[in-house]
Ligand code: G3I
């Protein structure tokens with residue numbers, strides 16, 4: 001990105017931080033610019049909804065979601081442990097409510113996850129023989145994908161099947177069904193949901209080795225004559241380490257395979273990452289260590305707020321550059337208070353990864369993201 005633009009975005013960030021700190025200067029929600037309007041000719045702007053948000057229990061969240069987003073993803077309610085708790089028992093209550101919600105507000109729905117090794121119902125974890133796992137796999141795809149065909153725009157058919165080195169993750173599906181299970185999941189999904197876009201979704205697949213694994217998966221699906229429409233790059237990054245070069249290469253490489261690219265779970269952590277540090281075995285140091293790992297309990301310092309705003313802007317400038325290849329940018333949650341990053345990898349921290357704060361007010365990053373659209377005509381060639 002050109003230095004001048006970074007400078008302007010930084011200035012914009014500083015200005016907005018000044019406004020942000022003056023409560024009275026916050027515009028009421030009804031006068032806010034709208035992300036979905038600003039980017040309406042570029043890509044959809046989505047959010048993940050919790051069960052409470054699907055039911056519109058919190059009116060602040062409900063108003064903001066309708067105003068800012070034109071795409072929704074279930075954060076949890078379509079996971080197998082919820083939607084398919086027993087062999088013959090399905091629980092479609094919240095998934096059906098989400099379908100109604102998306103229809104009512106004209107939002108594009110992405111259903112997820114269809115096949116994922118995590119959050120499986122207990123009965124699946126107890127299956128020992130390949131035939132039973134195959135029966136679960138086939139029944140689940142036919143029943144769940146079939147039910148929502150024509151009601152959801154897309155399915156994330158297989159989620160997080162890869163290790164960091166690009167090899168297939170050792171899951172119950174790999175163990176019992178063999179490495180062909182990913183292609184098979186897409187084949188069955190295509191049959192059950194012929195009118196639904198089919199995506200492979202994973203985190204860190206912008207990283208070269210894992211990306212190569214994802215490309216291999218895509219090529220195998222295509223070689224088998226099975227449909228795959230897109231790849232979802234989740235986008236759980238740290239504000240100090242957003243891999244813009246790798247993201248750009250990934251958009252180019254996945255697009256070259258004829259796929260749409262979606263950013264499906266975007267959030268930027270601002271907290272220290274415990275991985276990579278030497279763990280202490282001294283129990284007496286634990287409290288201090290945890291306090292150090294949770295430094296912003298009383299609010300985010302302006303410098304970090306500004307960094308978050310600038311990094312989000314850089315990311316959106318990149319997204320705008322590739323708007324023809326990107327179908328959707330979805331944030332993983334509506335506001336900071338809802339984010340899973342408050343409890344991962346350490347429970348009970350105070351993180352600030354999204355564009356809206358705990359009171360549903362827009363943060364400086366919201367405004368610098370909006371600004372990118374105004375600047376894009378100048379910057380992007
Ligand atoms: O709903 C129960 C509640 O009844 C219970 O009292 C409470 C006790 O811990 O748990 C609640 O369920 C939690 C659920 O979120 C809803 O809040 C689960 O424990 C918790 O494990 C679950 O975490 C979710 C996580 O996936 C695992 O399913 C996060 O909300 C969700 O944001 C996260 O999302 C994943 C994507 O699906 C896949 N990609 C990575 C992403 C982040 O991990």
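Details
- Sorting the segments 166-178, 261-273 by their mean number of nearby beta carbons within 10 angstrom, highest to lowest, gives 261-273, 166-178.
- Residues listed by number, region 172-214, amide nitrogen under 14 Å from residue 149 label point at 7 Å toward C-beta: 186-198
- Angle between the chain longest axis and helix 208-223 axis [Cα atoms, degrees, rounded to 10]: 40 degrees
- Helix-only arithmetic for the chain: the sum of -39500 (n - 2.57) across DSSP H runs with n ≥ 4, divided by the residue total, places the mean residue ellipticity at 222 nm at -12500 deg cm²/dmol.
- Inter-label distance, residue 34 to residue 169: 3.6 nm, where each label sits 7 Å from its Cα along the C-beta direction.
- At R0 = 35 Å, FRET efficiency that the Cβ-Cβ distance of residue 138 and residue 241 yields, to 0.05: 0.30
- When you count the other C-beta atoms within 10 angstrom of each residue and take the mean per peptide, 192-201, 235-244, 122-131 line up highest first as 192-201, 235-244, 122-131.
- In this calculation the C-beta distance from residue 248 to residue 119 is compared with R0 = 30 Å, giving a FRET efficiency of 0.40.
- Each of 63, 311 was scored by other Cβ atoms within 10 Å of its Cβ. Listed from fewest to most, they are 63, 311.
- DSSP beta bridges in the chain [antiparallel fraction, %, rounded to 5]: 10 percent
- For region 62-190, the share of DSSP beta bridges that are antiparallel, to the nearest 5, is 20%.
- With Cα atoms, 0 to 90° folded angle of helix 59-68 axis to the chain main axis: 90 degrees
- Least to most buried among 37, 184 (fewest other Cβ within 10 Å first): 37, 184
- With neighbour counts taken as other beta-carbon atoms within 10 Å, the residues 209, 328, 187, 31 rank, fewest first, as 31, 209, 187, 328.
- For residue 324 and residue 128, the difference between the fully extended length at 0.36 nm per residue and the C-alpha to C-alpha distance is 66.0 nm.
- Cβ-Cβ FRET estimate between residue 298 and residue 104, R0 fixed at 56 Å, reported to 0.05: 0.90
- Multiplying the residue separation of residue 273 and residue 86 by 0.36 nm and removing their Cα-Cα distance gives an extension gain of 63.6 nm.
- C-alpha long axis of helix 364-379 to longest principal axis of the chain, angle in °: 90 degrees
Any read-out appearing in this document is the output of simple, stated calculations on the displayed coordinates, not a laboratory observation. Every value quoted in this text rests on a predicted model; they were computed, and no experiment measured them. For neighbour counting, all protein chains shown are included, and Cβ atoms are generated from backbone atoms with ideal geometry for every residue, glycine included.
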